[in-house]
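A.B. asks: Supplied in C-alpha cells, the structure appears directly below.
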Amino acid sequence: MISVRGLNKRFGTLQVLRDVNLEVRKGEAVVVIGPSGSGKSTLLRCIIGLEAPDAGEVFVDGRPFIRRVDGEHGPLRRTREFRSVQRLMGMVFQQFTMFPHLTVLQNVTLAPIRVLGLKGEEAAARARRLLAKVGLEDKALAHPEKLSGGQKQRASIARALALEPQIMLFDEVTSALDPELIHEVLSVMKQLAADGMTMMVVTHEMGFAHKVADRVVFMDGGRIIEEGKPSEVFTSPKEVRTKAFIDKVLTHI
Amino acid sequence: MSYEWAWRVVPRALPVLFQGLRLTLLVTVVVIILGFLLGILVAAGRLARNPLISKSVAMYIEFFRGTPALVQLVWVYYCLPIILGLEMPSFASIVVALTLNVGAFYGEAIRAGIQAIPRDQVEAAEILGLSYPDKMRFVVLPQAFRIIIPVALSLSISLFKDTSLVSTIGVADLMYQARVLSTETYRPMEILTVAAFIYFIIAFPCTLATRVLELRLARVRH
C-alpha cells in the first residue's frame, strides 16, 4: 500500500532521515516507535507530502507519489495527480487542527463537499455516521472550542475518514492529551485497525503498539533499526539500541 | 489677562463645517475601500514566492510607512503632475495619495493576519485535498479576518482624522472650512474646538465599537 524507498531528509546540517526503506501492506497496522528526534514524525510527513525529501521515492497503492533525485530542491509541486494520490491518505496530528471557526459537522463535511463534490445532505449524512463511529454524534453542531482534547482528536479522525482514505497516518495523536483522555482516542484507533484500515502510527503508547500493531518499526537517528512482530521486538529485540530503548520505556511502567 | 470665549460665532459656522464634514466622510469612505483593495494586493505581493515581487512590495510599504503622509500628499499633488505631465483634479490626487498611504498599512495588517494562522491549520487543509483558493477561502481567510478586522478598523479611524491633511492643498474638507472660518471670524480657538469636537464625536463611537468587536472576535477564536 505504501512503499518507501531510499528516503533521505536533511534540515540544514541535521540529517533526519537516512536511507529509509519501508513497505506497508494493505490492512496492516504499522506502529513506529523510537526516541524523540529519531525521525518518526518526519517520515510520516514525507510520506504524505507535507515535507519534501532530499532524495527517495514514495509509492502509494502502486502509484508514484514522490520521486526525488539527490540535489533536487524546493517544495513539492502540488499537481492534480499529486493531490489525488495524497487524498488516498488521511492524517491526524499531535496538535489539534480542527478549524476553530467551523462547527464539528462543517469541519467534517468541508473536504467531501469541496474536494469530492458531494452534495450538502450527502456529506452531512456521511459526517454524522462517522461522528457516531467516533462517539461524537451529539457534538456535530458544537464548535471545536467546546470539545475536550480527546474529543478534538476523535473529531479529527472523523474528518480524515470522511474522504474515505485507504491509509491513515497518526502522528503522536495522544501526546498532547491529558492522561485520562488518551484511552478514548486509542480505542477509536484500535477499532479502525480491527476494521482492517491500513495504518501507520507514530506513538509513545507502548501498550497500544503491543496490542494493536501487526508490525513494530523501531527508528533511531533517522534510520530504521529493527522491525518485526510486536511480540518479537518487545520481548527479544535483536539490536542493542532497540533493547536499550525498550528497557527504558518499559521500566517506566 | 483672560481669554474671552466667543461661542456666538459657532451657530453661523456650523452649516459650513458640516459641508466640509461631508467631503471628509466622502474621502474617508472612498479611501477605505480603495485602500483595502490595494492592501489585499499588497499582502498578496508581500507573501509572493517570487523575491522580486515581495522585495519591491516591501520597499513600497517601508517608503509609505516611513515618510510623513503630508509629504506624500504634497508629492502626489505637485510633483507627480510635473513628472508624468498629467493634470489631476485635486480630489483625485488626494485619493491617490491617501490610498497609497493606507494601502501600505492595510497590506501589512492583512499579511500579519494571514501569517498568524498556525502552520498546522494550513497543513490540515492541504492534506484534506483542498485547492489553494479553497484553502484560503474556507480555512485561512475566515480566521485571518478575525485578526485583521479590528486592526483595519483602527487604521480606518486614524485615516478619518488624517484626511484633515488635505486641507493644506486647498481641498474643502472639514479642517479646511474650519481654517477658513477661523481667519474670517478671528476666532480660531472656538472654531477649531468645534471642529475637533465633530471629529471626536464620529471617531470615538467607532473606537468603542472596534473594542467591543475585538473582544467578541477574541472570544470565538480558540
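The values are calculated or read from the model by the stated rules, or taken from the named source; none is laboratory data. Being a predicted model, the structure only gives us computed values, none of them experimental. Note: ideal-geometry Cβ built from the backbone for every residue, glycine included; neighbour counts use all protein chains shown.
A.B. asks: Can we say B:I83 is touching a helix residue (DSSP H, G or I) at 6+ places or on another chain (Cβ under 7 Å) and either over 28 Å from A:L161 (Cα atoms) or part of a helix (DSSP H, G or I) (or both)? Walk me through how you get there before you give the answer.
C.D. replies: Values: touching a helix residue (DSSP H, G or I) at 6+ places or on another chain (Cβ under 7 Å): no; either over 28 Å from A:L161 (Cα atoms) or part of a helix (DSSP H, G or I) (or both): yes.
Taking the combined requirement at face value, the residue does not satisfy it.
A.B. asks: Take the conditions buried (at least 18 other Cβ atoms within 10 Å of the Cβ), over 22 Å from B:L70 (Cα atoms), away from every other protein chain (no Cβ under 14 Å) and not hydrophobic (A, V, I, L, M, F, W, C) and apply them to B:R111. Does it pass?
C.D. replies: Working: buried (at least 18 other Cβ atoms within 10 Å of the Cβ): yes; over 22 Å from B:L70 (Cα atoms): yes; away from every other protein chain (no Cβ under 14 Å): yes; not hydrophobic (A, V, I, L, M, F, W, C): yes.
So B:R111 fits the description; yes.
A.B. asks: Among the listed residues A:K119, A:K133, A:K146, A:K152, which satisfies the condition of being crowded, with 21+ Cβ neighbours inside 10 Å and more than 27 Å from A:F65 (Cβ to Cβ)?
C.D. replies: Details: A:K119 fails: crowded, with 21+ Cβ neighbours inside 10 Å; A:K133 fails: crowded, with 21+ Cβ neighbours inside 10 Å; A:K146 fails: crowded, with 21+ Cβ neighbours inside 10 Å.
Only one candidate qualifies: A:K152.
A.B. asks: Is it true that A:R63 is within 14 Å of another protein chain (Cβ to nearest Cβ) and under 17 Å from A:P165 (Cβ atoms)?
C.D. replies: On the way: within 14 Å of another protein chain (Cβ to nearest Cβ): no; under 17 Å from A:P165 (Cβ atoms): yes.
Criteria not met by A:R63.
A.B. asks: Can B:E123 be described as in a helix (DSSP H, G or I), surrounded by fewer than 21 Cβ atoms within 10 Å (Cβ to Cβ), within 9 Å of chain A (Cβ to nearest Cβ) and out of contact with any Phe, Trp or Tyr (no Cβ under 7 Å at 6 or more places or on another chain)?
C.D. replies: Numbers: in a helix (DSSP H, G or I): yes; surrounded by fewer than 21 Cβ atoms within 10 Å (Cβ to Cβ): yes; within 9 Å of chain A (Cβ to nearest Cβ): yes; out of contact with any Phe, Trp or Tyr (no Cβ under 7 Å at 6 or more places or on another chain): yes.
Answer is yes for this residue.
A.B. asks: Let me ask something else. Of everything in segment B:131-154 that's within 12 Å of chain A (Cβ to nearest Cβ) and polar (S, T, N, Q), which residue is farthest from A:T103 (Cα to Cα)?
C.D. replies: B:S131
A.B. asks: Sticking with this one: With respect to B:G103, is the statement that it is within 17 Å of B:K161 (Cβ to Cβ), outside any loop (DSSP other than H, G, I, E, B) and not hydroxyl-bearing (S, T, Y) true? I'd like the intermediate steps shown before the answer.
C.D. replies: Numbers: within 17 Å of B:K161 (Cβ to Cβ): no; outside any loop (DSSP other than H, G, I, E, B): yes; not hydroxyl-bearing (S, T, Y): yes.
Answer is no for this residue.
A.B. asks: Name every residue in segment A:168-187 that is at pLDDT 95 or above and either over 20 Å from A:N107 (Cα atoms) or surrounded by fewer than 23 Cβ atoms within 10 Å (Cβ to Cβ) (or both), in order of residue number.
C.D. replies: A:M168
Residue-by-condition table, conditions (1) over 19 Å from B:I148 (Cβ atoms); (2) touching a residue at least 24 places away in the same chain (Cβ under 8 Å); (3) loosely packed, with under 12 Cβ neighbours inside 10 Å; (4) not hydroxyl-bearing (S, T, Y):
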{"position": "B:E4", "(1), (2), (3), (4)": "yes, no, yes, yes"}
{"position": "B:V10", "(1), (2), (3), (4)": "yes, yes, no, yes"}
{"position": "B:V31", "(1), (2), (3), (4)": "no, yes, no, yes"}
{"position": "B:G35", "(1), (2), (3), (4)": "no, yes, no, yes"}
{"position": "B:P51", "(1), (2), (3), (4)": "yes, no, yes, yes"}
{"position": "B:I61", "(1), (2), (3), (4)": "no, yes, no, yes"}
{"position": "B:L80", "(1), (2), (3), (4)": "yes, no, no, yes"}
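A.B. asks: With the structure loaded, tell me whether A:V188 is part of a helix (DSSP H, G or I), among the β-branched types (V, I, T) and within 15 Å of the chain's Cα centre (by Cα) or whether it fails that test.
C.D. replies: Details: part of a helix (DSSP H, G or I): yes; among the β-branched types (V, I, T): yes; within 15 Å of the chain's Cα centre (by Cα): yes.
When the stated conditions are applied, A:V188 passes them.
A.B. asks: Within segment A:189-205, track down each residue that is surrounded by 19 or more Cβ atoms within 10 Å (Cβ to Cβ) and touching a helix residue (DSSP H, G or I) at 6+ places or on another chain (Cβ under 8 Å).
C.D. replies: A:M189, A:L192, A:A193, A:M199, A:M200, A:V201, A:V202, A:T203, A:E205
For every residue, the table says whether it meets (1) crowded, with 22+ Cβ neighbours inside 10 Å; (2) farther than 30 Å from B:L47 by Cβ; (3) among the β-branched types (V, I, T).
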{"residue": "B:I127", "(1), (2), (3)": "yes, no, yes"}
{"residue": "B:D134", "(1), (2), (3)": "no, no, no"}
{"residue": "B:F138", "(1), (2), (3)": "no, no, no"}
{"residue": "B:P142", "(1), (2), (3)": "no, no, no"}
{"residue": "B:I148", "(1), (2), (3)": "yes, no, yes"}
{"residue": "B:S156", "(1), (2), (3)": "no, no, no"}
{"residue": "B:T168", "(1), (2), (3)": "no, yes, yes"}
{"residue": "B:M175", "(1), (2), (3)": "yes, yes, no"}
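A.B. asks: Based on what the data block shows, is A:L131 facing another protein chain (nearest Cβ under 9 Å), more than 26 Å from A:V20 (Cβ to Cβ) and touching a residue at least 24 places away in the same chain (Cβ under 8 Å)?
C.D. replies: Working: facing another protein chain (nearest Cβ under 9 Å): no; more than 26 Å from A:V20 (Cβ to Cβ): yes; touching a residue at least 24 places away in the same chain (Cβ under 8 Å): yes.
Considered against the rule, which asks whether it is facing another protein chain (nearest Cβ under 9 Å), more than 26 Å from A:V20 (Cβ to Cβ) and touching a residue at least 24 places away in the same chain (Cβ under 8 Å), A:L131 comes out as no.
A.B. asks: Any residue at all in segment A:113-123 that is touching a Leu at 6+ places or on another chain (Cβ under 9 Å), facing another protein chain (nearest Cβ under 9 Å) and part of a helix (DSSP H, G or I)? Even if it seems obvious, please write down each step before you answer.
C.D. replies: Narrowing segment A:113-123 to residues touching a Leu at 6+ places or on another chain (Cβ under 9 Å): A:114-116, A:123.
Filter again for facing another protein chain (nearest Cβ under 9 Å), leaving A:114-116.
Adding the requirement that they be part of a helix (DSSP H, G or I) leaves A:114.
Checked segment A:113-123: at least one residue is touching a Leu at 6+ places or on another chain (Cβ under 9 Å), facing another protein chain (nearest Cβ under 9 Å) and part of a helix (DSSP H, G or I).
A.B. asks: Of these, A:L141, A:L136, which one is away from every other protein chain (no Cβ under 13 Å) and closer than 27 Å to A:V202 by Cβ?
C.D. replies: Numbers: A:L141 fails: closer than 27 Å to A:V202 by Cβ.
After ruling out the rest, the residue left standing is A:L136.
A.B. asks: Given the condition over 26 Å from A:R154 (Cβ atoms) and exposed (fewer than 14 other Cβ atoms within 10 Å of the Cβ), answer yes or no: does some residue in segment A:85-103 qualify? Steps first, answer last, please.
C.D. replies: Initial filter on segment A:85-103 (over 26 Å from A:R154 (Cβ atoms)): A:85.
Of the ones still in play, those that are also exposed (fewer than 14 other Cβ atoms within 10 Å of the Cβ) are none.
Within segment A:85-103, not a single residue is over 26 Å from A:R154 (Cβ atoms) and exposed (fewer than 14 other Cβ atoms within 10 Å of the Cβ).
A.B. asks: Based on what the data block shows, is A:K238 part of a loop (DSSP other than H, G, I, E, B), surrounded by fewer than 18 Cβ atoms within 10 Å (Cβ to Cβ) and more than 22 Å from the chain's Cα centre (by Cα)?
C.D. replies: On the way: part of a loop (DSSP other than H, G, I, E, B): yes; surrounded by fewer than 18 Cβ atoms within 10 Å (Cβ to Cβ): yes; more than 22 Å from the chain's Cα centre (by Cα): yes.
Taking the combined requirement at face value, the residue satisfies it.
A.B. asks: So, one more: Going through segment A:158-185 one residue at a time, which ones are assigned to a helix (DSSP H, G or I) and either touching a helix residue (DSSP H, G or I) at 6+ places or on another chain (Cβ under 6 Å) or under 18 Å from A:V32 (Cα atoms) (or both)? Walk me through how you get there before you give the answer.
C.D. replies: Pass one, segment A:158-185, residues assigned to a helix (DSSP H, G or I): A:158-161, A:179-185.
Once the filter is applied, which keeps residues that are assigned to a helix (DSSP H, G or I) and either touching a helix residue (DSSP H, G or I) at 6+ places or on another chain (Cβ under 6 Å) or under 18 Å from A:V32 (Cα atoms) (or both), segment A:158-185 yields A:A158, A:R159, A:L161, A:L181, A:I182, A:E184, A:V185.
A.B. asks: Only one residue in B:V57, B:V74 is surrounded by fewer than 18 Cβ atoms within 10 Å (Cβ to Cβ) and in contact (Cβ under 8 Å) with a residue 40 or more places away in the chain. Which one? If you could, list the steps in order and put the result at the bottom.
C.D. replies: Working: B:V57 fails: surrounded by fewer than 18 Cβ atoms within 10 Å (Cβ to Cβ).
Answer to the selection: B:V74.
A.B. asks: Restricting to segment A:81-112, give me the number of residues that are of a type in the set (V, I, T) and within 7 Å of chain B (Cβ to nearest Cβ).
C.D. replies: Of the residues in segment A:81-112, 1 are of a type in the set (V, I, T) and within 7 Å of chain B (Cβ to nearest Cβ).
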